[in-house]
Amino acid sequence: MDTTKHGLKQSLRLRDLVSIQIVVIVWLGWTGFAAKQGATQMVLWLVAILLFYLPLAAVVMKLSRALPIEGGIYQWIKEGVSPFAGYMAAWNLGIYSINAFAPIGSILVEGFARAAGPRGDWMLKSHTLALAVTAAACLVAYYFNVHGLQLAKWWSNAGSFCTIATFIAMACLLVKAFVIKAPLLHNSFSLAWPTFSILTLSIFAKVAVGALSGFDNAAVFAEECKNAENDVARSVMIAAPLIALMYVLGTSTVLTYVKPADVDVSAAVGQVMQVGLGGSALSNVLAVAVVGAFNIAFVAAMVITIGVVARLPMVAGWDGLLPAWWSALHPKFRVPSKAIGAVAGSVFVLGVLTLLGADNQEAVQVGASAGVGSLSVMYMLLFSVVLFGFRSRPWRPGAGIRLGGLAGFSVALLALFFQAVPVGDVANTRIYALKVVTVMLVTNALGAYLYWLGARRQASVAPASADAPTAD
């Protein structure tokens, strides 16, 4: 396979792909959502790992070796199911990413506010500060992505280091709890089975499809990898155990110091650092340092994810489903600079909209729920590849991977229906549900309409090409 046929630079090695896996999958803020489950959180994580995380890892490893093509999930689903399914999968991944990072200003600001203690209370009510931080993050993501993966991957390397450093800090608090015999510690490692409830299913959906997903992102850069056919699968194998450990123990740390009802889902890391380290001057400095590392990791995830999402309209443009504008590469850096600008701008615009009439915690939940809903659609289509696709190709998935695909598909379907249920406090649950459902319906209708326009463009171009005179 000619991996340079589109003029993209091959900048990613195995170590870079491992860093990308960690930084785009691990957002330790998900520990706050899981902590709302209380003492049964560990079983919830284990079930999510068994039914979704491991099947997804297996499917990505198989497909990345069978079809190591730039565009990843778009190409896999297009080849395995249909061009429309591939387009809608890419569209929903893009919508998820934009929704997930739109409240970045709220997340970063609230994290520092929690770490700063009472002196940071003013930050929690400042929408101006949240918007300013969102704008700065979008500019950073645009600048580094436009200058190519050779520079942007610096963020993934730094972000993965900061993610691991944040986890180590949380793990140290866990060790401290064992030493001082913290009263809430026994609930953190309970293997009690969760009771069946709407809230439990909502949390399960978020931790499974929201937290334990993203192995497919690195495969989007296939033609920009030195050895995509093997390295994407290897990066999954290396990163998977560490990622699972960070989520399970990170949630245990939160529950060791904060009661489930008091967990702030938009700033769980800052909250646990503030409570766990105490109120001394040195403790405040350490808390701010840890939250700073957590925030750097989140910005790094945004930088890499915007790079991922920008490649999807680029590939759709190669197929004629979008105008060539989306596929235009920067003359020097050989990246889709226009698509990168469009994605970064969309994150900022939605960031403004999510803060209208909502506090920071509700803004984070709306973005997360609408995003995970879109992600659920994408993963249903991805698992459909091994369940129903590749009937006429030499490579066919075996019974084991089909069984895993069925489990993953079922979890994604369940997650789709439970995104309208808030986990943390919101001003009005009905308005919250309406926001989430409206965003999901409108964005998917828009995606289908854009595909229809692209298909019409293809149909009109094909006859013109066939009628064009040829040189004798």
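Read-outs: derived from the displayed coordinates by stated rules, not from any lab. The shown structure was predicted, so the numbers you read here are calculated from the model rather than taken from an experiment. Every residue, glycine as well, gets a Cβ built from its backbone with ideal geometry; the counts of neighbours run over all protein chains shown.
For the chain, the Cβ-based charge dipole about the Cα centre amounts to some 440 debye (Lys, Arg positive; Asp, Glu negative; other atoms uncharged).
Placing a pseudo-label 7 Å from each Cα along the Cα-to-Cβ vector at Asp262 and Leu413 gives an inter-label distance of 4.2 nm. The label-point distance for Val442 and Ala455, in a model that sets each label 7 Å from Cα toward Cβ, rounds to 2.5 nm.
What lysines sit close enough to Lys259 to cross-link, taking a C-alpha to C-alpha distance under 22 Å and skipping anything fewer than 8 places away on the same chain? Within the straight-line cut-off, Lys259 pairs with Lys36, Lys176, Lys181, Lys206. Relative to the current alpha-carbon distance between Arg234 and Lys125, full extension at 0.36 nm per residue lengthens the span by 34.8 nm. Rounded to the nearest Hz, the phi-derived 3J(HN,Hα) couplings of region 243-255 under the Karplus curve 6.51 cos²θ - 1.76 cosθ + 1.60 (θ = phi - 60°) are 4, 4, 4, 4, 5, 5, 6, x, 5, 4, 5, 4, 5, where x marks glycine and proline.
Dividing the summed -39500 (n - 2.57) terms of all DSSP H runs of n ≥ 4 by the residue count of the chain sets its mean residue ellipticity at 222 nm at -23500 deg cm²/dmol. When Phe52, Phe298 are arranged by Cβ crowding within 10 Å, least crowded first, meaning fewest neighbours, the order is Phe298, Phe52. Distance between the C-alpha centres of region 47-71 and region 130-189: 24 Å, rounded to the whole angstrom.
Residue separation of Asn428 and Phe178 scaled by 0.36 nm, minus their Cα-Cα distance, works out to 86.1 nm of gained length. Let's test the formula: R0 of 45 Å, r as the Cβ-Cβ distance of His186 and Ala342. What FRET efficiency results, to the nearest 0.05? After rounding to 0.05, the efficiency reads 0.35.
With the charge dipole of the chain set up from +1 on Lys and Arg Cβ and -1 on Asp and Glu Cβ about the Cα centre, the Cα lying farthest toward the positive end among the listed residues Trp452, Ala113, Leu28 is that of Leu28. With R₀ set to 51 Å, the beta-carbon distance separating Trp154 from Thr195 gives a calculated FRET efficiency near 0.65. Picking from Phe294, Gly405, Thr443, whose Cα lies most toward the positive end of the charge dipole for the chain (charges on Cβ: Lys, Arg +1; Asp, Glu -1)? The residue sitting most towards the positive pole is Gly405. A dipole drawn for region 14-452 from +1 and -1 charges on Cβ atoms has a positive end, and of Phe161, Ser374, Ala218 the residue lying farthest that way is Ala218. Under the convention that each Lys and Arg Cβ holds +1 and each Asp and Glu Cβ holds -1, the size of the dipole of region 6-160 around its Cα centre is about 200 debye. Ranked for footprinting exposure by Cβ neighbours inside 10 Å, fewest first, Arg119, Arg15, Arg311 give Arg119, Arg15, Arg311. Projected onto its three principal axes, the C-alpha set of the chain covers 86, 48, 44 Å, listed from the longest axis down. Against the empirical 2.2 N^0.38 Å (N residues), region 1-120 has a Cα radius of gyration ratio of 1.38.
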